[in-house]
């Protein structure tokens with residue numbers, strides 16, 4: 001794990017003001033999971049009737065808390081619910097003891113909050129392969145339940161950080177008839193988790209009223225175009241979790257409500273971008289858009305090949321408008337491409353067209369775009385109508401320093 | 001392109017003595033393709049009756065010379081043949097002009113060597129997107145044909161280098177009945193090609209007698225277990241080419257001759273390892289072996305996920321026995337895995353077993369292995385009998401320096 005000595009240069013100016021979401025209360029505590037005196041547990045208590053949707057890592061080595069959440073996420077919503085997150089230990093690759101730890105914690109939270117254990121969702125983030133000291137988490141529950149507060153979300157955003165360089169929050173308001181629906185979300189990622197791997201955890205709360213299946217559909221759809229369209233280094237955590245809870249406290253039904261769907265999508269996209277902006281060693285925020293692909297799936301395959309290419313990411317770090325490397329990434333992605341129909345732009349500068357360097361190419365103009373903090377790479381394949389946009393950051397000495405220069 | 005100021009620490013002590021291959025003559029010249037006064041073209045002239053096999057990049061944006069070679073590789077072998085390679089310009093993403101350049105060059109080589117153009121194979125490596133000054137290459141042909149020499153292979157190995165830090169050669173001898181068959185090969189890669197991308201070019205010559213289809217079968221089979229099992233940074237060139245020429249001059253027929261197949265495989269593996277040892281910024285040579293997979297394909301998918309993971313490669317650079325990142329890579333690869341059957345070894349040290357840290361785990365012993373120059377990561381999945389071994393290097397500040405710190 002690297003020592004994080006400064007906030008990412010791509011961080012927002014400040015943590016945003018997040019609205020209170022009726023029906024949700026937060027508390028944080030220092031349980032001493034790995035270190036003493038560091039806030040490392042967060043509890044969110046959800047009112048009876050809250051619907052909960054979720055999307056989780058597809059890793060085949062996913063952690064015990066993830067498997068437990070996946071089992072429970074489709075359950076009914078009459079009882080209240082709770083989300084408990086600890087940092088300092090991922091409870092991943094911990095075998096049967098890891099499963100037992102989840103059972104102990106969820107049972108204790110259920111008892112403390114007077115809800116069924118089937119309505120307790122947990123996440124753990126931190127070292128992997130070490131037994132989770134679940135007794136310490138459980139011992140913090142009395143502090144947590146005593147401290148529950150509807151305006152505690154900013155503290156919660158900090159409690160789930162590991163080596164993130166800034167806390168991440170986003171919100172939206174939507175008019176539904178004569179009512180106002182509020183959405184507030186927090187995330188962590190993708191600073192390094194000592195000493196193992198980047199993990200993204202996201203919790204979004206709303207006072208909207210919506211059934212579980214409708215919410216799950218919205219969340220899964222937006223996750224595909226937000227959190228599943230970002231990459232820092234192509235590595236995938238064993239613990240990635242996104243949970244969205246709708247308390248219904250506003251009384252406003254948002255089933256089949258496109259404006260709510262759009263606002264929720266906006267909060268998810270904002271948080272996803274913040275995760276990229278906290279990418280290890282990042283100095284540039286990069287948007288890659290592919291159009292004209294044979295299908296949307298092909299477009300995303302090409303876009304991710306570009307966003308994950310070490311040669312492209314180092315060229316961006318070096319402010320080098322090296323479009324040859326983009327041609328290379330398209331060629332290797334495996335999705336359909338025709339070399340002689342490709343066109344590529346860096347920002348507004350057309351660098352390649354119809355399979356060769358553009359007649360309009362200006363090295364000076366392309367280099368000027370690369371000097372900015374926000375880099376846009378656009379590729380048109382000239383084949384069909386498939387499109388995709390993904391986001392990433394550059395690959396710098398900072399990434400190597402964080403991941404190689406310090407022993408775990 | 002980075003300035004390469006020193007030879008890779010993983011380089012062999014010296015370029016090997018390579019045997020003369022009867023029926024092959026080499027020449028090199030300074031054509032001034034990109035720079036003046038630098039040896040940048042290589043001609044290999046092959047005697048009549050030489051069979052030629054080849055394996056090429058699967059990139060969808062592959063260069064004009066690659067497409068031309070692929071068209072010709074299945075042709076008959078009665079006439080002589082020639083291989084012409086230039087460095088300094090890849091003739092890639094150059095549209096119809098690129099195709100025309102290949103036609104001009106192959107016609108001129110055919111005329112100079114008195115062979116059909118269909119028996120002239122060319123490769124180009126260097127910048128992409130720039131028109132190849134084929135007139136300069138053609139103008140060097142009189143020097144090249146005048147300088148042909150059967151002992152010129154070492155000079156040829158140097159002529160095809162771009163930012164390689166050392167020339168790469170390997171050889172073998174095989175007894176076939178009472179005759180001796182010789183094999184000698186050269187390669188370039190995967191130093192960076194100014195200013196674009198890593199390219200691997202490999203040329204292997206033998207005086208064995210063998211039909212084209214039999215040779216192609218051997219070459220393709222070994223390529224799958226050698227050159228297709230190495231990775232430096234997961235990026236794939238538009239120009240990767242492997243050509244194997246058998247002159248038949250030894251009079252020894254090696255069709256269905258396992259010892260020859262094995263010797264050829266050995267030369268290919270040696271050259272493939274040398275390419276990894278010249279990987280950009282490499283300080284460690286890494287062998288990843290996966291066993292117990294559901295299939296060989298699954299084993300290779302897992303092995304490549306490990307070998308391409310930036311988090312694993314930076315951990316190796318930092319001499320950190322971070323087996324959690326190996327669990328992560330297995331989880332993300334997409335191939336079949338069961339978290340609770342995994343076992344992992346670093347060198348001889350068992351670090352994980354049956355889904356958790358091994359009872360025998362010694363941090364000290366694992367860390368000691370990571371301090372060496374040769375790192376072995378072995379994963380058993382406990383599912384079936386699929387196996388794969390791949391090779392890579394670590395990811396260091398040197399890689400970033402070469403690819404980001406200098407503008408093209």
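List of remarks:
- Just one of the numbered conditions (1) farther than 26 Å from residue A:254 by Cβ; (2) under 19 Å from the mean Cα position of the chain (by Cα); (3) not in a loop (DSSP other than H, G, I, E, B) is not true of residue A:28: (2).
- On the stretch given as the stretch B:300-314, residues that are more than 7 Å from chain A (Cβ to nearest Cβ) and more than 15 Å from residue B:390 (Cα to Cα) total 0.
- Against the list (1) in contact with a helix residue (DSSP H, G or I) (Cβ under 9 Å, 6 or more places away or on another chain); (2) surrounded by fewer than 24 Cβ atoms within 10 Å (Cβ to Cβ), the condition residue B:105 fails is (2).
- Selection from the stretch B:333-355 of residues that are assigned to a helix (DSSP H, G or I), within 7 Å of another protein chain (Cβ to nearest Cβ) and either surrounded by fewer than 22 Cβ atoms within 10 Å (Cβ to Cβ) or in contact (Cβ under 8 Å) with a residue 40 or more places away in the chain (or both): B:340
- Restricting B:59, B:30 to residues that are modelled with pLDDT of 95 or more and either out of contact with any strand residue (DSSP E or B) (no Cβ under 7 Å at 6 or more places or on another chain) or within 14 Å of chain A (Cβ to nearest Cβ) (or both) narrows the list to B:30.
- Residue match in the stretch A:121-129 (condition: without any contact (Cβ under 8 Å) to a residue 24 or more places away in the chain, within 14 Å of chain B (Cβ to nearest Cβ), surrounded by 19 or more Cβ atoms within 10 Å (Cβ to Cβ) and assigned to a loop (DSSP other than H, G, I, E, B)): no
- Of everything listed in (1) in a helix (DSSP H, G or I); (2) modelled with pLDDT under 95; (3) farther than 27 Å from residue B:341 by Cα, the single unmet condition for residue A:98 is (3).
- Selected residue [away from chain A (no Cβ under 12 Å), surrounded by fewer than 19 Cβ atoms within 10 Å (Cβ to Cβ) and more than 21 Å from residue B:378 (Cβ to Cβ)] from B:255, B:297, B:289: B:255
- Residue A:170 under 24 Å from the mean Cα position of the chain (by Cα), farther than 30 Å from residue A:282 by Cβ and assigned to a strand (DSSP E or B): no
The values are calculated or read from the model by the stated rules, or taken from the named source; none is laboratory data. Just so we're clear, the structure is a prediction, and the values are computed from it rather than from any experiment. Reconstructed Cβ throughout: ideal geometry from the backbone, glycine too, with neighbour counts over all protein chains shown.
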